[in-house]
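These notes are about the structure you will find just below.
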Amino acid sequence: MFQRIAYALRNLTRFAGRDSRETFWVYAVFILLVTFIATFALAAPVIADSFERMQQFALAHPDQATITRTPTSYSIQIHGQHPELMPDFPRLLHLMALPVGLAVLLLSAAVTRRLHDRGRSGIWALPPLAFLVIGMSITPSVFATMAASPGAPPKGFVLLFGANLLYIVSLGLLVLQLIGATAPNPNRFGGPPAE
């Protein structure tokens, strides 16, 4: 496992050649796990700050909030519109963009080599990336609209929904290519990987 990860890290800028399914997925799962942990670590303080504001609001305004405590859970329900209690979504998205962008950079050459192993061009990896960038670019303005006009249909929501839907579809098609078996014969990208 560690040899496969080390191999992929040594070849971060090598977009030529082919990688086996096993080599790619060990590395990809490692990068996705690290990305998830980093995203959680960056987002946790923003979410905790929002939760702290909700707790303070609930204690100061018991007529506008319901606190439910059980031995295994704690929840706060705020009644009415209070957008000031919501997490700072633009900040949250900017924080999330860091590990996601780094993951894209760390995976790009490996994804390309894996696609080559399937006889496909690395261009197959671009549609999900494009829709991810579009979605992450539109999301802050949609949340800003929601905060400014609670209850009103958010401006740009249809575009965001469409970009996210196309992201999911294109990512699904890419994953199908990445999980496929190694092409046994040489192709235009070289011979089969040694592993």
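Some notes on this structure:
- Prolate/oblate/rounded call for segment 82-148, Cα gyration tensor, a/c under 1.5 rounded: prolate
- Of the DSSP H helices in the chain, those whose Cα atoms cover at least 24 Å axially and whose Kyte score averages 1.0 or more: 21-60, 89-117, 126-148, 157-179
- Mean separation of Cα contacts under 8 Å, 6 or more apart, over the residue count of segment 2-179: relative contact order %: 26
- Taking a ≥ b ≥ c as the square roots of the eigenvalues of the Cα gyration tensor, the chain is classed as prolate, since a/c reaches at least 1.5 and a/b is larger than b/c.
- Over the residues of the chain, the helix contribution to mean residue ellipticity at 222 nm works out to -22500 deg cm²/dmol, using -39500 (n - 2.57) for each DSSP H run of at least 4.
- Shape call, segment 26-119: gyration tensor on alpha carbons, a/c limit 1.5: prolate
A short reminder: the numbers here are calculations on the coordinates, not readings from a lab. The structure displayed is predicted, hence computed values, not measured ones.
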